[in-house]
Amino acid sequence: MRQVLAAAVALLLIASGCGGHDRVATTDAPALIAPTTVASATTVASAVVTTTAASVEPSTSTSLVAVTAAPSTTAPSTTAAAPVLPVPEAPPAENTVEPEHLLGTIQIPKIDLDVSFYEGVTLPTLDRGPGHWPGSAMPGQVGNVVLAGHRVSHLRPFRNLDKLAVGDEVLFVVDGTTYTYVVSGAEIVKPEAVNIIDQTPDKTATLFACHPPGSTQFRWVTHLTLQT
């Protein structure tokens, strides 16, 4: 399943990463490679905490210990369950026309960006503005909020994505609530790097677009974390 998703993601980027007729093929690797800070999904091991009665001495034995004293008021053992993470959907065919579904706005003061973003990542959706990967986390939720956008066509919302530095703010406004994320890092990856949509146990976000501008050879990925 993951191989199928990776192939679909790669085709999606080639079809819509830059958008329009401004795409050109390049064979040279970009001169700048940003530090890699991949936000991959993480499995959180359950932590088991067991509390015993104060009157029972610690034991290294694996046998059951019988207690004949008065009933203990010790709280039952608790297990910290791993969070249930969102599950990104495989993208539809590249020419699919998704219903127009406005989710909110994305604001990036550093690059003077303030535009609407929509549900979906096909070309017709990205022509309207940045698109939210269906099934990925929504702003403010546990998981990875994944958005794709054009760099050289239509509104070109992510044209200056590579100008962002660690600590710069990215604001998502959804249903009247503003969620402020900060840039935690960036990287340049190949189109088949499906791990960029992996979900995380923390509240993170990923913005991606083609790289260099006008080419679909690579993609620029900016990683964000929710400001607390």
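Every read-out reported here was derived from the displayed coordinates using simple, explicitly stated rules and does not represent laboratory data. Quick caveat, the model's predicted, so the values are computed rather than measured. Glycine gets a Cβ as well: all are built from the backbone with ideal geometry, and neighbour counts include every protein chain shown.
Tabulated data for the structure shown
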{"read-out": "For region 166-193 and region 137-164, distance of Cα centres in Å", "value": "7"}
{"read-out": "For region 77-160: rounded, prolate or oblate by the Cα gyration tensor [a/c cutoff 1.5]", "value": "oblate"}
{"read-out": "Prolate/oblate/rounded call for region 68-212, Cα gyration tensor, a/c under 1.5 rounded", "value": "prolate"}
{"read-out": "Average projection area in nm² (convex hull over Cα atoms of region 134-228, one quarter of hull surface)", "value": "6.2"}
{"read-out": "Burial ordering of 111, 106, 196, fewest other beta-carbon atoms within 10 Å first", "value": "111, 196, 106"}
{"read-out": "Placed amide H near residue 227: partners under 5 Å, 5+ positions off or other chain", "value": "180, 181, 182"}
{"read-out": "Estimated inter-spin distance, residue 138 and residue 84, nm [label 7 Å along Cα→Cβ]", "value": "1.5"}
{"read-out": "Separation in nanometres of the label points that stand 7 Å from Cα toward Cβ, at residue 114 and residue 165", "value": "2.4"}
{"read-out": "Nonlocal amide H pairs with residue 118, under 5 Å, H built at 1.01 Å", "value": "103, 131, 132"}
